[in-house]
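The values are calculated or read from the model by the stated rules, or taken from the named source; none is laboratory data. The model shown is predicted, which means the values in this text are computed figures rather than measured ones. Counting neighbours? That spans all protein chains shown, and the Cβs are built from the backbone with ideal geometry, glycine included.
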Amino acid sequence: MAASPIVEARGIHKHFGALHVLKGVDLVLAERELAFVIGPSGSGKSTLLRCLNRLEEPSSGSVVVDGVDLLDPRTDINHARQRIGMVFQSFNLYPHMTALGNVTLALRKVAGKSREEADALGHAALARVGLADRAGHTPGQLSGGQQQRVAIARAIALEPRVMLFDEPTSALDPELVGSVLGVMRDLRESGMAMVVVSHEMGFARNAADRVLFMDEGAIVEEGTPAAIFESPTQDRTRAFISQIQRH
Amino acid sequence: MSNWERFLETFFNAKVMAKYLPDILHGMLVTVELAALVIVSGIALGLALALLRSLGFRPVNLLIIFVVDLFRALPPLVIIVFIYFGLPAVNVSPSGFISTWLSLTLVLMAFSEEIFWAGITSIAKGQWEAARSTGLTYGQTLMNVVLPQALRLTIPPLTNRTIAITKGTALGTVVAVSEILGMASSAVSNSYNPSPLTLGALAYLILFFPMVVFGRWLETRMAWKR
């Protein structure tokens, strides 16, 4: 019996004024699956990702995550978002709080944990990203890679059913990228369903189940990493792949 | 009598000073009360307006902006005189103390609203998005993530503005508030000697110099590494 998908987005359209940014995108993600989204800038990748937790309000279409219809007015979006972790390009850690404070804020305020419970879960989440010894540091005292791992800990501490990564390594110095990808790989191996928007093709090759190529607000082509990278069927995909592989 | 002695006699007359010291001390008490009331109510109202404005109801915001600009444009003395001499025409007769308190509160409210608002809007959108993505509500994000950061940014301008407006308590003298300047002026009329004004100036220094130092301390205390 096929399990029901963890994310089921259908016919997503998004307009920003006169701009038609998403033109009827479907994205279905199975449990434990990692979907990797590539495409030129302005293709709508990030917007699609942000529609999956309603940081961006789709103009039309449906988004169901873990059986919850996010666009239903009766849905408590704040409750639903606990189940959808998100990691941003620019980390967006709270600069006035320690690493532990960043991780425990939502545990206390949204999940309703006591300070003791939240601290225990927060320390566990920081340990998972290899930063057990940095709990008391503020973001300003951490490297970019460490900040991004704290941001991942902040999301996974809430035990999400799916994680959204929006170019998680694009703002990092090259030597710091590995540590973040390492954490993402561990997360992947633990069976977390993930949607990753990124340019880390090496990671896509050995960690993604499926690669989606987006251009001009639509999914042009999707398939296994091997299929997309080695033998794309669409000209636009081929052009994009050859362009990024030249670097 | 040498010039120097005449100078001392005029501005540092010990006998006059001793006689009017209790009056000046009483004036200090009134100034402190007035200042404390203005600071608490002005900043509280300013923050409340800024939070209300952050909800983004357009008609409400236009009203807030109008009120804020109005009280930033009017000289505080004009507002005091207007309330004290104008309101009795509609059968409301606030005392000089109330008129001064109300006026300076409105002015501090207006300026602090702008300062708080600038602080709130200066916080990066990513902070909101990160917090909302973990399920925090709008209000929780504002109170736990945005406001703590915004308040730190607002402290230097807010402190300076608060000191400037609080010193305006001296304007209460025109509507017969018995604060420091009022007491000192009447002491000058009664004694034909300006020494009470020296005492008054000293009293202002004693009150406001620590505030200036405190403001400076807060500025360094509130800076944090990014």
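Take A:Ser190 and decide whether it is closer than 19 Å to A:Leu93 by Cα and among the small types (Gly, Ala, Ser). Write out each step before concluding.
On the way: closer than 19 Å to A:Leu93 by Cα: no; among the small types (Gly, Ala, Ser): yes.
Spelling it out, it is not the case that A:Ser190 is closer than 19 Å to A:Leu93 by Cα and among the small types (Gly, Ala, Ser).
For segment A:111-140, filtering for residues that are over 10 Å from A:Leu100 (Cα atoms), within 14 Å of chain B (Cβ to nearest Cβ) and among the aliphatic types (A, V, I, L, M) leaves 1.
Take the conditions (1) farther than 20 Å from B:Ala36 by Cβ; (2) out of contact with any strand residue (DSSP E or B) (no Cβ under 7 Å at 6 or more places or on another chain); (3) among the small types (Gly, Ala, Ser); B:Ala170 misses just one of them, which is (1).
Applying the set (1) assigned to a helix (DSSP H, G or I); (2) within 11 Å of chain B (Cβ to nearest Cβ) to A:Tyr94 leaves exactly one unmet item: (1). For segment A:64-80, a residue qualifies if it is over 16 Å from A:Ile12 (Cβ atoms), free of Cβ contacts under 8 Å to residues at least 12 places away in the same chain and more than 14 Å from chain B (Cβ to nearest Cβ), and the qualifying residues are A:Pro73, A:Arg74. Within segment A:213-247, if we keep just the residues that are aromatic (Phe, Trp, Tyr) and touching a Gly at 6+ places or on another chain (Cβ under 8 Å), the residue that is surrounded by the most Cβ atoms within 10 Å (Cβ to Cβ) turns out to be A:Phe213. For segment A:184-200, residues that are surrounded by 17 or more Cβ atoms within 10 Å (Cβ to Cβ) and not in a loop (DSSP other than H, G, I, E, B) total 8.
If you go through segment B:138-154 and keep only what is within 13 Å of another protein chain (Cβ to nearest Cβ) and under 21 Å from B:Met211 (Cβ atoms), you end up with B:Leu151, B:Arg152, B:Leu153.
Checking the structure you have, find out if any residue of segment B:155-173 is touching a residue at least 60 places away in the same chain (Cβ under 8 Å), of a type in the set (A, V, I, L, M), within 14 Å of chain A (Cβ to nearest Cβ) and part of a helix (DSSP H, G or I). Taking every residue of segment B:155-173 in turn, at least one turns out to be touching a residue at least 60 places away in the same chain (Cβ under 8 Å), of a type in the set (A, V, I, L, M), within 14 Å of chain A (Cβ to nearest Cβ) and part of a helix (DSSP H, G or I).
Just name the residue that is nearest to the other protein chains (Cβ to nearest Cβ) out of those in segment B:96-137 that are of a type in the set (S, T, N, Q) and touching a residue at least 12 places away in the same chain (Cβ under 8 Å). Let's see the steps before the verdict.
Here is the first cut: in segment B:96-137, the ones of a type in the set (S, T, N, Q) are B:99-100, B:103, B:105, B:112, B:121-122, B:127, B:133-134, B:137.
So of that shortlist, the ones also touching a residue at least 12 places away in the same chain (Cβ under 8 Å) come out as B:99-100, B:103, B:105, B:112, B:122, B:127.
Values: B:Ser99: 40, B:Thr100: 37, B:Ser103: 35, B:Thr105: 29, B:Ser112: 21, B:Ser122: 13, B:Gln127: 6 Å.
Per the criteria, the residue is B:Gln127.
The set of residues in segment B:191-226 being without any contact (Cβ under 8 Å) to a residue 40 or more places away in the chain and either part of a loop (DSSP other than H, G, I, E, B) or among the acidic types (Asp, Glu) (or both) consists of B:Tyr192, B:Lys225, B:Arg226. Scanning segment A:163-183 for residues that are buried (at least 23 other Cβ atoms within 10 Å of the Cβ) and either assigned to a loop (DSSP other than H, G, I, E, B) or more than 11 Å from chain B (Cβ to nearest Cβ) (or both) yields A:Phe165, A:Pro168, A:Thr169, A:Val180. Reported count of residues in segment A:108-131, each being crowded, with 18+ Cβ neighbours inside 10 Å and small (Gly, Ala, Ser), is 4. Consider B:Leu106 against the criteria (1) farther than 26 Å from B:Leu153 by Cα; (2) within 23 Å of the chain's Cα centre (by Cα): it satisfies all of them except one. Which criterion is unmet? All conditions are met except number (1). There is no residue in segment B:98-121 that is assigned to a loop (DSSP other than H, G, I, E, B), out of contact with any Pro (no Cβ under 8 Å at 6 or more places or on another chain) and either among the hydrophobic types (A, V, I, L, M, F, W, C) or surrounded by fewer than 24 Cβ atoms within 10 Å (Cβ to Cβ) (or both).
Using the structure shown, decide if B:Val188 is within 30 Å of B:Phe7 (Cβ to Cβ), out of contact with any Asp or Glu (no Cβ under 8 Å at 6 or more places or on another chain), free of Cβ contacts under 8 Å to residues at least 40 places away in the same chain and part of a helix (DSSP H, G or I). Give the derivation first.
Details: within 30 Å of B:Phe7 (Cβ to Cβ): yes; out of contact with any Asp or Glu (no Cβ under 8 Å at 6 or more places or on another chain): yes; free of Cβ contacts under 8 Å to residues at least 40 places away in the same chain: yes; part of a helix (DSSP H, G or I): yes.
Judged against the criteria, B:Val188 is a match.
In the condition set (1) over 17 Å from the mean Cα position of the chain (by Cα); (2) under 20 Å from A:Gly223 (Cα atoms); (3) not acidic (Asp, Glu), A:His79 is compliant with all but (2).
With respect to the conditions (1) closer than 17 Å to B:Arg132 by Cβ; (2) within 13 Å of chain B (Cβ to nearest Cβ); (3) touching a Leu at 6+ places or on another chain (Cβ under 7 Å); (4) in contact (Cβ under 8 Å) with a residue 24 or more places away in the chain, A:Gln147 falls short on a single one, namely (1). Among the residues examined, A:Leu49 qualifies as modelled with pLDDT of 95 or more, on the phi < 0 side of the Ramachandran plot, buried (at least 20 other Cβ atoms within 10 Å of the Cβ) and touching a Phe, Trp or Tyr at 6+ places or on another chain (Cβ under 9 Å). Might you check whether a residue that is within 29 Å of A:Asn78 (Cα to Cα) and in contact with a Gly (Cβ under 6 Å, 6 or more places away or on another chain) occurs anywhere in segment B:118-140? Within segment B:118-140, not a single residue is within 29 Å of A:Asn78 (Cα to Cα) and in contact with a Gly (Cβ under 6 Å, 6 or more places away or on another chain).
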